[in-house]
Amino acid sequence: MFTKDLIENLSCGSLEEQFHKKIETIQKKDNEINSFITLCLEDAEKSSKIIQKKINDGSQGRLSGLIISIKDNIAVSNIRMTCGSKALENYIAPYDATIINSIKKEDGIIIGKCNMDEFACGSDGTSSYFGLTKNPRNVDYVSGGSSSGSAASVAADFADLSVGSDTGGSIRCPASFCGVYGLKPSYGLVSRYGVSDMAMSMEGPGPFAKDTYGIALLLDVIAGKDPRDTMTVDSNNSYLSVVENYRYENIKNMKIAYAKEFFEGIDEKIKNIILDKIGILESQGAKIEQVSLPNIKYVIPIYYLIVFSEFSSAMSKFDGFKYGNYIPGQDIVEAVSNTRESSMGTEVKRRILLGTFITMEEFRGRWYTKALKARSAIKEDFERIFKTHDLLIGPTMPML
Amino acid sequence: MGVGIWEIHIEEDPGRYELREGKVDLNRCGIPLAEIVTAPDIKSPEYAREFLRDLLLSLDYLGVIRGESGSVRADVNISIMGGNRIEIKNVNSVKGVYKALKYEIVRQKAVLQRGGTITMETRHFDEGSMITKAMRKKETLADYRYIPDPDLVPFYVSPEGLSRIESILPESPHNKKKRFIEEYSLGEEIVDALISDLYLSDFFEECAKDSNPLEAGKWCATELKRRLNEKNLSVSTSMITPKHISDMIDFIEKGELSVKNAKWIIGDVVDTGEEIPTLMSKKNFYQIRSEDTLIKILEKVMRENPKAVLDYKSGNQNALHFLFGKVVNETEGRADPSKTIKLLKDKLYMEA
């Protein structure tokens, strides 16, 4: 059911009934899908009763009782937050992330914390300490990652909306794999306060939904300036009104670009689907133009250099002293090493080691600083295209 | 002299972890720190000492140093021709920096002269023995894995912001020194003594409003400062006020108070805060200026010291000073000195 109809139904029907239907579905199917690490049914039930009352007096917030799942690297007060790792297996978040606060204020019901690739290191949902997430569309397939549980929980109808986080596709990829909508907001649009991020200069939380209405609604709630995240900017747009005011004929005379580099090394089936969609847009009156992003070929090496560097820095707090399951050693180096060895997966360790290597003083000028410069060049490619075009269109993932 | 400043890092003390005891000491956690990195412009231990004194004084004037000990520390880097850079960590006094540098120059020269090499290392300064000791060999570069923090937005200081800050900055010690010399015609030595203590220099300016600045400067920079140091006080913790100094100078200028007694007064007032006129009467400090009274005292002294009188008459000038000393003793320092000398000479001449 579409999000808008759902809200209408909730406002005249019974929230409790809706809520129990969701729980039944979860109990029936999540053993196999494995989209949740922690369920918070008791808290959810409590808030559903409070929100029901508000609905009765017509004073409910914008999310008015929609059921929302949260990626497990986002802090929800008094609920376990694992980041998909053994290192935080028993860690209870002491406060709400800014975006969780906003969701609670607008009367969203938080149903549970979603499975994810360990510390967001992965793009298929298989590196979680709590087991892989299966794709609800076809359980023989992976769900994609790293926000694997977020996408799967929406696709399986365990939740109406979900919040994930995206650094290099961690929302877009599982959304694409699971056949739901996912959006990576521009960096700085959504607060990261209370998010255990992988790469501070790129990551950001973003919404999952079954339609653009749901995406816009949730984005409206979580976007905006947060004094606790200095990188955030004000958001005065209502994305929901953009979605609601969209008319079929708006597509006419829109200038849409697609980059030829997007189709290099891509699965033929996906290529044809995308080209087919572009054809539809063209037939509706859009002006389609092929463009080139010459620097995009550097995007993968630059992405890894930046992510590994920032990740190794961000992970230094998980040393067993502040966070994580402490395993002693003869000295501090051995203790940290024992702690990480026993509580982190291969991919996480690989990224920490590489990041440590890259950021060593003698290599600093060689890699990280260069990567930041190249990143600006890529950014300029995009800015150039958005000067002359309204949209840039491309496939989310190159393979099935 | 000039020392370039390369960077200033703003940090917070994270707390201290003592691995051996397995304890974390969070007492200093969150205390703001600023690290000032200078250019390699310092050419000698003396230069380093002068720079640090100037820097500390400026920071003191800005009111940004915490009182407790160890709140200012220096990591001292030194290299001599033919050797690598040595870092001496956590030296916590200006004297320590000077001594550590002196010691390192001698040590490094000796190592090189005997055919050794100076390798990059971190050393520790032992305050007790005033020497440096190797702390850890080979600075592994991996220790320093800095990347620009993506969560910190660049902070631009606008020209307006800069001038706003300048407008609320207190006067720097250097400018104060220049101004004191120009405005009050004070000597450099006196001014240095005054500006070395912000409270004392403010105190002086108050005194100078009501008294001759030359006199006020002299008294503040010498006797007052000496007494305060002696009693481990500052003008803010002592009972003395600018009015005390002005009143005192007033009495001296009227010839009613001797310099000797004035010094005693300062020693007393820093503790008691007693009013100067009250003290003058209580201690009977008013100088004896009446010639009749002085002559009577002179006559008594001459009577009691006939040998000195004779000595003077036979040409011994020292006898005059001896007799004068006796008069001073007799009057507990209250005899007006110039009058006394003049009367004494007349009297001796007359007797001759």
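Assorted remarks:
- 18 Å Cα cut-off, lysine pairs counted over the range A:221-310 (separation 8 or more, or different chains): 11
- Bridgeable lysines around B:Lys218 (alpha carbons under 16 Å apart, same-chain partners fewer than 8 residues away excluded): B:Lys177, B:Lys209, B:Lys243, B:Lys260, B:Lys263.
- Here the residues B:Arg289, A:Arg340, ranked from fewest to most Cβ neighbours within 10 Å of their Cβ, fall in the order B:Arg289, A:Arg340.
- Each Lys and Arg Cβ is given +1 and each Asp and Glu Cβ -1; about its Cα centre, the protein assembly as shown then shows a dipole of about 1580 debye.
- Estimated dipole of chain A in Debye, rounded to 20 [Cβ of Lys and Arg +1, of Asp and Glu -1, Cα centre]: 580
- Fewest-first ranking of A:Leu305, A:Leu392, using other Cβ atoms within 10 Å as the exposure measure: A:Leu392, A:Leu305
- For B:Asn77, the amide hydrogen comes within under 5 Å of the amide hydrogens of B:Ile88, counting only partners 5 or more places away or on other chains and with H modelled in the peptide plane.
- If the chain linking B:Asp346 and B:Leu320 were pulled fully straight, counting 0.36 nm for each residue of separation and taking away their Cα-Cα distance, it would gain 8.2 nm.
- Relative contact order for chain B, counting Cα pairs under 8 Å that sit 6 or more residues apart, in percent: 8
- Each residue, A:Glu24 and B:Asn92, gets one label point 7 Å from its Cα in the Cβ direction; the gap between the two is 7.1 nm.
- Ellipticity estimate at 222 nm from DSSP helix runs (n ≥ 4, -39,500 (n - 2.57)) divided over the protein assembly as shown, nearest 500: -14000 deg cm²/dmol
- Contact order normalised by residue count of the range A:276-400, Cα under 8 Å, 6+ apart, percent: 29
- A:Tyr141 long-range amide H proximity, modeled H, under 5 Å: A:Asn135
- Largest GNM mean-square fluctuation among A:Ser238, A:Ser312, A:Ser176, using chain A with Cα springs under 10 Å: A:Ser238.
- Of B:Asp126, B:Asp151, B:Asp54, the one that fluctuates the most in a GNM where chain B has Cα springs shorter than 10 Å: B:Asp151
- Applying 1/(1 + (r/R0)^6) with r as the Cβ-Cβ distance of B:Glu166 and B:Ser44 and R0 = 25 angstrom yields a FRET efficiency of 0.15.
- Principal axis dimensions, the protein assembly as shown - Cα atoms, whole angstrom, descending: 136, 78, 54
- Across peptide A:360-367, the mean count of Cβ atoms from other chains lying within 10 Å of each residue's own Cβ comes to 3.
- Cβ-based charge dipole, the range A:257-334, positive-most Cα from A:Tyr304, A:Gln284, A:Ala257: A:Gln284
- Taking amide H positions as modeled 1.01 Å from N, with prolines and chain starts lacking one, the residues under 5 Å from A:Ile393 and 5 or more places away or on another chain are A:Ala257, A:Tyr258, A:Ala259.
- Antiparallel %, DSSP beta bridges [both residues in chain A], to 5: 50
- Which of B:Leu26, A:Leu354 has the fewest Cβ neighbours within 10 Å, and the rest in rising order: B:Leu26, A:Leu354
- The trypsin sites (Lys or Arg not before Pro) of the range B:200-272 that meet both conditions, a loop assignment by DSSP and at most 14 other Cβ atoms within 10 Å of the site Cβ, are B:Lys231, B:Lys254.
- Across the options A:Asn138, A:His20, A:Pro398, the greatest Cα extent toward the positive end of the charge dipole of the protein assembly as shown (unit charges at beta carbon of Lys, Arg, Asp, Glu) belongs to A:Pro398.
- Lysine pair number, Cα distance threshold 14 Å (strictly under), the range B:42-143, separation 8 or more or different chains: 6
- Vicinal HN-Hα couplings computed from phi for the range A:138-146 (Karplus, 6.51 cos²θ - 1.76 cosθ + 1.60; Hz; Gly/Pro x): 7, 5, 7, 10, 6, 8, x, x, 7
- The phi-based Karplus calculation (6.51 cos²θ - 1.76 cosθ + 1.60; θ = phi - 60°) puts the 3J(HN,Hα) values of the range B:244-251 at 4, 5, 4, 4, 4, 4, 4, 5 Hz, whole numbers, x for Gly and Pro.
- Most fluctuating residue given options B:His321, B:His174, B:His124, as computed from a GNM of chain B linking Cα atoms under 10 Å: B:His321
- Alpha-carbon Debye profile of the range B:173-277, log10 I(q)/I(0) at 0.17 Å⁻¹: -0.71
- Given their separation in residues at 0.36 nm each and the Cα-Cα distance between them, A:Arg350 and A:Asp390 gain 10.4 nm when the chain is fully extended.
Read-outs throughout are calculated quantities, based only on the coordinates presented, and are distinct from any laboratory measurement. Here the structure is a predicted model, which is why all the values come from computation and not from measurement. Cβ coordinates were reconstructed from backbone atoms using ideal geometry, including for glycine residues, and neighbour counts include every protein chain displayed.
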